[in-house]
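Bear in mind that the values in this text are calculations on the coordinates, not laboratory data. If you're wondering where the values come from, they're calculated on a predicted model, not measured in any experiment. Here the Cβ positions follow ideal geometry from the backbone for every residue, glycine too, while neighbour counts run over all protein chains shown.
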Amino acid sequence: MKAIKIALALLFVVLIVVAILAPIGPLPGLRIGGNESPVPANWGDTSQIHEIKLKVPGTIPRVVIIWVIQYEGDLYVVGNSSSGWVKMLGKGGPVSVRIDDNTYHLNASQLMTGWEPVMQSYMDKYRPDYPEIVNNFPDAQDAIGTISVFRLGT
């Protein structure tokens, strides 16, 4: 019985540490890390950047590892409308984005219309490396209400 209590206590401590250090894979975290940096005038070539960290503030902030796409010079992220970070963000608000070791303070705004070309560009970027995931994305008509597309800007 004592061994079980010790094991549960240890598991609890490990989970707390992971929550603080995460995000790890699909697990959201609390800290984004990186060096605060001014937002560049131009993002440059982001085609080789596959994952970024996105922090949505709140009483308990949420940091997720997420794919990013650059479309017509702006950065965009896509999320399932029922995911925690999307619900926390709502229609938009302040976010922090970590790309490599740089962390930028941006504003996310949900695209209510005109998101289809962004979503197509997103799928085109990730399909070669993740066909089993991207091929299961809903088509544009079925995606309405199930996905949220956010522009990340100043």
Among the residues that make up the stretch 77-87, is at least one of them farther than 18 Å from residue 50 by Cβ, out of contact with any strand residue (DSSP E or B) (no Cβ under 6 Å at 6 or more places or on another chain), charged (D, E, K, R) and part of a helix (DSSP H, G or I)? yes
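Select, from 133, 65, 147, the only residue that is over 25 Å from residue 34 (Cα atoms) and touching a residue at least 24 places away in the same chain (Cβ under 8 Å). Steps first, please.
Details: 133 fails: touching a residue at least 24 places away in the same chain (Cβ under 8 Å); 65 fails: over 25 Å from residue 34 (Cα atoms).
Sole residue among the options that is over 25 Å from residue 34 (Cα atoms) and touching a residue at least 24 places away in the same chain (Cβ under 8 Å): 147.
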Which numbered condition in (1) under 15 Å from residue 68 (Cα atoms); (2) over 16 Å from the mean Cα position of the chain (by Cα) is the only one that residue 109 fails? (2)
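Taking the stretch 107-130 as the region of interest, how many residues are in a helix (DSSP H, G or I), in contact (Cβ under 8 Å) with a residue 40 or more places away in the chain and not hydroxyl-bearing (Ser, Thr, Tyr)?
To start, the set of residues in the stretch 107-130 that are in a helix (DSSP H, G or I) comprises 116-126.
If we keep only those that are in contact (Cβ under 8 Å) with a residue 40 or more places away in the chain as well, we get 117-119, 121-122, 125-126.
Those still in the list that are not hydroxyl-bearing (Ser, Thr, Tyr) too: 117-119, 125.
Qualifying residue count, the stretch 107-130: 4.
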